[in-house]
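Please read the structure below before turning to the comments.
The values are calculated or read from the model by the stated rules, or taken from the named source; none is laboratory data. Note that this is a predicted model, so its numbers are computed, not measured. No Cβ is skipped: glycine too gets one built from the backbone with ideal geometry, and neighbour counts run over all protein chains shown. Quick note on the areas: whole protein, heavy atoms, side chains included, nothing else; ligands and nucleic acids left out. Shrake-Rupley method; radii C 1.70, N 1.55, O 1.52, S 1.80 Å.
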Amino acid sequence: GWIMDGMTMANDQRIQDAQKFLRFANDADSYNRQDALDDLKFSSGDQWPVEVQNSRNLEARPCLTINKLDGFIRQVCNQQRQARPRMKAHSMNSAANAKVADILTGIFKHIEVNSDADTAYDTAFEFAVRMGWGYWRVVTDYVREDSFDQEIYIKPIVNPFTVYMDPNSQMPDGSDAESCLITEVMSKKEFKAQYPNADDGGNFNMRGTGDADSDWVMKDDIRIAEWWYTERKKTKLLMLSDGTQVYKDEAPSAEMMMAAGIEVVAERETMRKTIKWAKLTGLEILEESTWIGKHIPIVPVYGQQLTIDDKRKKYGIVRMAKDPQ
């Protein structure tokens, strides 16, 4: 791509891929998104058709909403709050393994407490109850500004409509997702502080249902996107005589192995999968890195799912309760 201020300009393939993917994900999910948005509004008390409401207002007649759905939603959500999900490591066989599993469970607990993970779980679950799906995410960050130590954090996603998950993902935990995109709106002032060399006119304009701008934003704000994608490379896996397994491109040189008296005892073709991350505007890549995990760290929480006619229908408890209400 063209280089400008050390950044890659808009002809970067990844920006085009991200925009293409957002269109694809939004089209695949457009009915679900439209219905879910309607569920959200309905469950929060916006239950009158606009034209009826207008005519009643003109005639100075009341528009009462006795929202009975709220009680049912609370009931389901509060049950979940009493039995929240918790991460637990299970040992497979030996007593030594059980000890390791206990240590890992302790680390998990530390991550959950440190992150206030309950908020993330509750937010995602409530969206699943109200409209059919929600998300939380896993991030890594430095402990303090003056530290090289990083911690893992579990964070809530407050608007599930800003997340575009791979429509081909089948697993309930999203572990098989190949791509994912999240949009975010930030003020131009904050954007300039974080990325002084970047162009703040390069709005990431692509977006789908439910991911709208408020009336008061966008003059002083900019929309950016986080883009997760999967890369696969063909490589060879080597089994060395000392029992270690390494990829061919990471193996020690032949001379080093000879000196150490190690030889290759077996090799096989394999596909090496890496998860890539980029933060981008509509014009340029702001940051990029390789994620250390082997799954995209955005975790979906689904309510009800039905596949009808090869289309996946996602809904919570509100969808079927609208007419009775």
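Here r is the Cβ-Cβ distance between Ile111 and Gln79 and R0 is 25 Å; the resulting FRET efficiency, rounded to 0.05, is 0.55.
A simple count of charges around Tyr164, restricted to other residues whose Cβ falls under 12 Å of its Cβ and scoring Lys, Arg +1 and Asp, Glu -1, yields -1. The listed residues Asp122, Asp249, once ranked by accessible area (1.4 Å probe) with the largest placed first, stand as Asp249, Asp122.
Oblate is the label for the stretch 1-135, because a/c, from the alpha-carbon gyration tensor with a ≥ b ≥ c as root eigenvalues, is 1.5 or above and a/b does not exceed b/c.
Among the listed pairs Lys68/Lys314; Lys68/Lys313; Lys41/Lys313; Lys192/Lys273, those whose Cα-Cα separation exceeds 28 Å are Lys192/Lys273. A probe of 1.4 angstrom, applied to the heavy atoms of all protein chains, finds Val299 with accessible area near 40 square angstrom. Stokes-Einstein diffusion of the stretch 122-249 at 20 °C, 1.002 mPa s viscosity, Kirkwood radius from Cα pairs, rounded to a whole number: 117 µm²/s.
Compute the orientation-averaged projected area for the stretch 235-297 from the convex hull of its Cα atoms and round it to one decimal in nm². For the stretch 235-297, the mean projected area of the Cα convex hull comes to 6.4 nm². For the pair Lys313 and Val246 in one chain, pulling the backbone fully straight at 0.36 nm per residue adds 19.8 nm over the alpha carbon distance. Of all complete DSSP H helices in the chain, those with a Cα span along the helix axis of 18 Å or greater and a mean Kyte-Doolittle hydropathy of -0.5 or more are 95-115, 117-131. Count Lys and Arg as plus one, Asp and Glu as minus one, and take only other residues whose Cβ is under 13 Å from that of Phe125; the net charge is then +1. Name the most mobile residue of Phe125, Phe148, Phe204, meaning the one with the largest mean-square fluctuation, in a Gaussian network model of the chain with Cα contacts below 10 Å. Between Phe125, Phe148, Phe204, it is Phe148 that shows the largest mean-square fluctuation. Highest GNM mean-square fluctuation among Met87, Met206, Met258, for the chain modelled with Cα contacts below 10 Å: Met258. Among the listed pairs Lys109/Lys279; Lys109/Lys233; Lys219/Lys279; Lys234/Lys311, a Cα-Cα separation exceeding 27 Å is found for Lys109/Lys279; Lys109/Lys233; Lys234/Lys311. Rounded to the nearest 0.05, the FRET efficiency derived from the C-beta distance between Val50 and Gln170 at R0 = 25 Å is 0.10. Given a 1.4 Å probe and the protein chains as shown, Arg137 ends up with an accessible area of around 40 Å². In this label model, Asp118 and Thr235 are separated by 4.2 nm, measuring between points 7 Å along each Cα→Cβ vector. Across all Cα pairs in the stretch 191-325, the calculated P(r) in 10 Å bins from zero up to the longest distance comes to 9, 20, 21, 21, 16, 9, 3, 0 percent per bin. Solvent-accessible surface of protein heavy atoms, probed at 1.4 angstrom with all chains present, puts Leu280, Leu64, Leu104 in the order Leu64, Leu104, Leu280, largest first.
For a paramagnetic label modelled on Asn205 (point 7 Å from Cα along Cα→Cβ), amide N atoms under 19 Å away belong, within the stretch 258-291, to 280-285. For the chain, compute Rh as the Kirkwood radius over C-alpha pairs and then the Stokes-Einstein diffusion coefficient at 4 °C and 1.567 mPa s; write the answer in µm²/s, rounded to an integer. Answer, rounded: 55 µm²/s. Our estimate of slack between Cys63 and Glu178, defined as 0.36 nm per intervening residue step minus the Cα-Cα distance, is 36.7 nm. Fully extending the segment from Gln325 to Ser187 would add 45.7 nm, taking 0.36 nm per residue of separation and subtracting the current Cα-Cα distance. The solvent-accessible area of Glu151, taken with every protein chain present and a 1.4 Å probe, is close to 50 Å². Neighbours of Tyr142 by Cβ distance under 14 Å: Lys/Arg scored +1, Asp/Glu scored -1, total -4. When all protein chains stay in place and ligands, DNA and RNA are ignored, the 1.4 Å accessible-area order of Arg74, Arg144, largest first, is Arg144, Arg74.
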